[in-house]
Amino acid sequence: MGNVLITGANRGIGLELVKQCLSRGDSVWASCRDIRKAEELYSVGDSFGNLSIFPLDVCDQQSVENAFSQMKSNGIKIDLLFNNAGVIDWNDFNSVTAESFGSVYQVNVTGAFLVIKYAKEILRTCEATKSRIINLSSRLGSIKLRGNTQLGGAIAYQCSKAALNMLTRQTAIDLSDQSISVISMSPGWVKTDMGGPDAKYEPNESVRLILHTLDNLKGDETGVFIGEDGIEIPW
């Protein structure tokens with residue numbers, strides 16, 4: 001059991017992470033941009049006493065700073081952070097717009113950076129209980145693996161996840177002296193609003209594999225890119 005923080009927790013993988021972390025006894029802090037649209041998240045909270053829901057817009061630096069400043073003032077310490085908030089644009093090179101490219105990067109890369117920047121103040125930083133930041137990435141962010149796939153273009157999304165992986169590598173170095181590990185993790189192709197109905201996994205299957213993999217890591221992994229199955233993914 002530990003303290004878990006999840007961004008983008010009102011639907012999809014984020015919501016399922018909330019459910020399964022609560023089910024195993026974790027205390028969960030769940031955020032989303034607009035808590036007025038988080039009905040299902042609140043219904044989950046009705047079944048558990050250890051869920052805290054708070055607003056957090058990863059694209060708004062002041063929102064991120066305020067949220068983590070409040071948690072710090074309340075003495076909250078987090079063991080596991082899921083940087084899960086993300087968006088996709090399925091358009092290929094010929095049809096994607098510069099505006100959409102920028103919007104995808106703002107959420108998937110800059111947003112993740114802001115969360116890490118301010119959340120590090122509330123992560124446990126002792127060698128005996130190293131905390132973890134999990135950046136939810138994608139195999140589509142692997143430059144080595146990229147080719148023509150059934151998933152189509154999604155060039156802005158793919159580039160953003162490759163950039164997120166670099167953020168993982170760099171922050172793993174920058175936070176190593178604070179006993180914080182940073183890992184990029186692909187959840188697999190999941191049947192969510194983002195992944196679509198033809199995906200391989202139901203959300204509960206993907207999250208079960210994610211948590212199983214994390215539970216079975218040695219504990220000193222950082223700056224790595226792994227899949228839901230625990231197998232390392234090439235950058």
>> Taking the condition of being acidic (Asp, Glu) and modelled with pLDDT under 95, how many residues in region 167-184 meet it?
In response: 1
> Is there a residue being touching a Leu at 6+ places or on another chain (Cβ under 7 Å) and buried (at least 20 other Cβ atoms within 10 Å of the Cβ) anywhere in region 140-147?
Replying inline: yes
>> I'd like the full set of residues that are in contact with a Leu (Cβ under 9 Å, 6 or more places away or on another chain), in a loop (DSSP other than H, G, I, E, B) and of a type outside the set (Val, Ile, Thr), limited to region 207-231.
In response: Glu228, Asp229, Gly230
>> Every residue in region 161-217 that is β-branched (Val, Ile, Thr) and touching a Pro at 6+ places or on another chain (Cβ under 7 Å), please.
In response: Val190, Thr192, Ile210
>> If I filter region 185-201 for residues that are more than 13 Å from Glu16 (Cβ to Cβ), surrounded by 14 or more Cβ atoms within 10 Å (Cβ to Cβ), touching a Leu at 6+ places or on another chain (Cβ under 8 Å) and at pLDDT below 90, do I get at least one hit?
In response: yes
> If only one of Ser52, Ser27, Ser31 is in contact with a strand residue (DSSP E or B) (Cβ under 9 Å, 6 or more places away or on another chain), over 21 Å from Leu164 (Cβ atoms) and surrounded by 18 or more Cβ atoms within 10 Å (Cβ to Cβ), which one is it?
Replying inline: Ser27
> Taking region 172-203 as the region of interest, how many residues are in a loop (DSSP other than H, G, I, E, B), farther than 20 Å from Glu232 by Cβ and not small (Gly, Ala, Ser)?
Replying inline: 8
>> Restricting to region 42-71, count the residues that are under 23 Å from Lys117 (Cα atoms) and among the hydroxyl-bearing types (Ser, Thr, Tyr).
In response: 3
> From the set of residues in region 81-113 that are of a type in the set (A, V, I, L, M) and out of contact with any strand residue (DSSP E or B) (no Cβ under 7 Å at 6 or more places or on another chain), which is farthest from Pro187 (Cα to Cα)?
Replying inline: Ala98
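The values are calculated or read from the model by the stated rules, or taken from the named source; none is laboratory data. Fair warning: this is a prediction, and the values are worked out from it, not measured in the lab. Glycine also receives a Cβ, built like all others from the backbone with ideal geometry; neighbour counts cover every protein chain displayed.
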